[in-house]
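To start, the structure itself, in structure tokens.
The values are calculated or read from the model by the stated rules, or taken from the named source; none is laboratory data. Everything numeric in this text was worked out from a predicted model, so none of it was measured. Because the Cβ atoms are built from the backbone with ideal geometry, glycine has one as well, and the counts that use them run over all protein chains shown. Ligands, DNA and RNA are stripped out before the accessible areas are found, and what is left, the full protein with its side chains, is counted by its heavy atoms. Shrake-Rupley method; radii C 1.70, N 1.55, O 1.52, S 1.80 Å.
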Amino acid sequence: MKERQSGVLMHISSLPGKYGIGSFGQSAYDFVDFLVRTKQRYWQILPLGTTSYGDSPYQSFSAFAGNTHFIDFDRLVEEELLVQSDLEGLDFGQDPRKVDYAKVFNNRRPVLEKAVKRFLEVDDLAAYEKFVADNSSWLEVFVEYMAIKEYFDLKAWTEWPDAALRRREAASLAHYREKLADRLTYHRVTQYLFFKQWLELKAYANEHCIEIVGDMPIYVAADSCDVWAQPHFFKTDELGQPTCVAGCPPDEFSATGQLWGNPIYDWEAMDKDGYSWWIKRLRESFKIYDVVRIDHFRGFESYWEIPAGSDTAAPGKWVKGPDYALFKAVKEELGELNIIAEDLGFMTDEVIALREKTGFPGMKVIQFAFNPESESIDSPHLAPNNSVMYTGTHDNNTVLGWYRDEIDDATREYMAQYTNRKEYETVPHAMLRTIFSSVSFMAIATMQDLLELDGSARMNYPSTIGGNWSWRMTADDLDPVIEAELYSLTKTYRRLNKNLLKK
């Protein structure tokens, strides 16, 4: 039996702050302190990568680079890379509970350019030069990609007018490296600042016995430096366009399935290469996270392959993935890794067998547990100890939104009976109490459910673009009542962080 533990799911973008989007600034350190006071062990976040069209952290320009929106301006002021006047009169959005991505995108860049200019003028560059050297295997491709992408009005690489550049021919690359040298430097420096601030925050969390659970999307975006630099690892044609794309088949939640659009890996090519790309990706991930949740784990056993150009996911078919061979290669190279397998959705005996063979804990989402007429694999009474129980994920409604808008009276009644909900007890509290009391070794509460927010606070509506990933908390939300309730649940159900109790 694994030791009982708990934590909170709260993305960096959702932290409070005055510059339009959550950052690695003081509010992040305050959130760590909140987790310490409530005796949690884990802070789970969404992917930290750069976001592209649609603002999704699951569609990034790089599997390795960081989202520079999270660089905290106040810390740059402290380091004299900015002055306060650089930040005056700028509009990063008027609603403190929503990220205005257009304003963040347009108005943060000039500020960061000022910081980069001062960094190159006054700072000791030894640490920066070491970062560039240590991370050159992914950094140089990324900075080339971003500089050239910006030069061509942010078009995807398959739309760049220079065919030789699309093919990464040496002469063409050399030309653009010289032509865009300043932009290359900008992206190198901002990646340095991103990782410097993130690793300082992670060190603070670890010093206070809080571990970071990071999130790894299984797929990369078609519009990414990964596909541009290594197209042979993906199912693409001679022009770099995907020949098939990823998604999920039709199910009870979606009649047409989910069409994600990501290119699919050429697993045969990856196997011949010893899965070096995945080994590198996981090695880099464990430099910045303590635990990695791999999204859509079932895609390693079999994945839903949709012909490119399809309007929906319905025309797809199941295709066998690498199965255990990938994880065998990873284990041989990197040893045992602390991974959570996101195994939600259509499960088969083969997927379960793969998860069991890896030893990774799977996931349970309590919103899926309540069917008055039949059993659910997400029911707490069926959960094994080696699992992680959630109130919801980034793709779920909040508990309150789910209860009010997505279920019928029979389901509400069954949920009340199952959780033994009292008349005076709120629905979110009953659900939190149930996941904390479950036998799952880890319970993760979403911050929106701790705050008992309705559906307007959900992070994402799957298969939609626009309006997602925007919810933010305010500093006043973390009041003593919320803190006391989380601590009470954690203590009552024996999930207190024992490392904190020793201090």
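Listing for the model above:
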{"quantity": "Violating pairs (Cα-Cα greater than 23 angstrom) within the set Lys114/Lys202; Lys2/Lys502; Lys39/Lys202", "calculated": "Lys114/Lys202"}
{"quantity": "Label-point gap, in nm, between Val83 and Ser376 - each point 7 angstrom along Cα→Cβ", "calculated": "5.8"}
{"quantity": "Accessible surface of the stretch 193-344, 1.4 Å probe, proportion on carbon and sulfur as whole %", "calculated": "51"}
{"quantity": "DSSP bridge orientation in the chain - percent antiparallel, rounded to nearest 5", "calculated": "40"}
{"quantity": "Entries of Lys331/Lys498; Lys130/Lys287; Lys130/Lys498 with Cα pairs more than 27 Å apart", "calculated": "Lys331/Lys498; Lys130/Lys498"}
{"quantity": "Coil-residue GluC sites (Glu not before Pro) of the stretch 66-154, DSSP, other Cβ within 10 Å capped at 11", "calculated": "Glu88"}
{"quantity": "The chain, dipole about Cα centre (Lys/Arg Cβ +1, Asp/Glu Cβ -1), debye to the nearest 20", "calculated": "1060"}
{"quantity": "Computed lengthening from Lys114 to Val481, 0.36 nm per intervening residue step minus Cα-Cα distance", "calculated": "127.9 nm"}
{"quantity": "Rg/Rh (Cα only; Kirkwood hydrodynamic radius) as it applies to the stretch 235-285", "calculated": "1.11"}
{"quantity": "Label-reachable residues, the stretch 274-314, where backbone N falls under 16 Å from a point 7 Å from His232's Cα toward its Cβ", "calculated": "274-278"}
{"quantity": "Solvent-accessible area per residue, Å², over the chain with all protein chains present [probe radius 1.4 Å]", "calculated": "42"}
{"quantity": "Residue-level accessible surface for Ser387, protein heavy atoms, 1.4 Å, Å²", "calculated": "0"}
{"quantity": "Helix-derived mean residue ellipticity, 222 nm - over the chain, DSSP H n ≥ 4, -39500 (n - 2.57), to 500", "calculated": "-12000 deg cm²/dmol"}
{"quantity": "Pairs of alpha carbons in the stretch 334-481 whose separation is greater than 28 Å (percent)", "calculated": "23"}
{"quantity": "Heavy-atom accessible area order for Arg281, Arg355, largest first, 1.4 Å probe", "calculated": "Arg355, Arg281"}
{"quantity": "Inter-part distance where the stretch 242-272 and the stretch 103-120 are each reduced to a Cα centre, Å", "calculated": "37"}
{"quantity": "Estimated FRET transfer efficiency (Met347, Thr243; beta-carbon r; R0 30 Å; 0.05)", "calculated": "0.60"}
{"quantity": "Extension gain, Phe105 back to Arg37 (0.36 nm per residue minus Cα-Cα distance, nm)", "calculated": "21.0 nm"}
{"quantity": "16 Å Cα-Cα reach of Lys317 towards lysines, excluding residues that sit fewer than 8 places from it in its own chain", "calculated": "Lys235"}
{"quantity": "Three-way shape call for the stretch 207-272 based on the alpha-carbon gyration tensor, with the a/c threshold at 1.5", "calculated": "oblate"}
{"quantity": "Read-out semi-axes √(5λ) of the Cα gyration tensor in Å, derived from the coordinates shown; its label in (i) 40, 28, 21; (ii) 36, 29, 21; (iii) 65, 24, 21", "calculated": "(ii)"}
{"quantity": "Two-site label geometry, Leu90 and Ala410: point separation in nm, points 7 Å out along Cα→Cβ", "calculated": "5.5"}
{"quantity": "Kyte-Doolittle at least 0.0, axis length at least 20 Å by Cα - qualifying DSSP helices, the chain", "calculated": "136-151"}
{"quantity": "Cα centroid separation - the stretch 426-457 against the stretch 295-373, whole Å", "calculated": "24"}
{"quantity": "Selection from Tyr128, Gly93, Leu81 lying farthest towards where the dipole of the stretch 70-158 points positive, charges on Cβ", "calculated": "Gly93"}
{"quantity": "Carbon/sulfur fraction of accessible area - the stretch 364-455, other protein chains in place, 1.4 Å, %", "calculated": "47"}
{"quantity": "Chymotrypsin sites (Phe, Trp or Tyr not before Pro) lying in DSSP loop within the stretch 45-89, provided at most 16 other Cβ fall within 10 Å", "calculated": "Tyr53"}
{"quantity": "Those GluC sites (Glu not before Pro) in the stretch 329-403 that DSSP places in a loop and that have at most 14 other beta carbons within 10 Å", "calculated": "Glu336, Glu373, Glu375"}
{"quantity": "Solvent-accessible area of Tyr219 with every protein chain in place, 1.4 Å probe, in Å² to the nearest 10", "calculated": "10"}
{"quantity": "Cross-link partners of Lys117 among aspartates and glutamates (Cα-Cα below 14 Å; sequence separation of 8 or more within a chain)", "calculated": "Glu79, Glu80, Asp86, Asp182"}
{"quantity": "Furthest towards positive pole of dipole, Pro263, Ser52, Ser438, structure part the chain, Cβ charges", "calculated": "Ser438"}
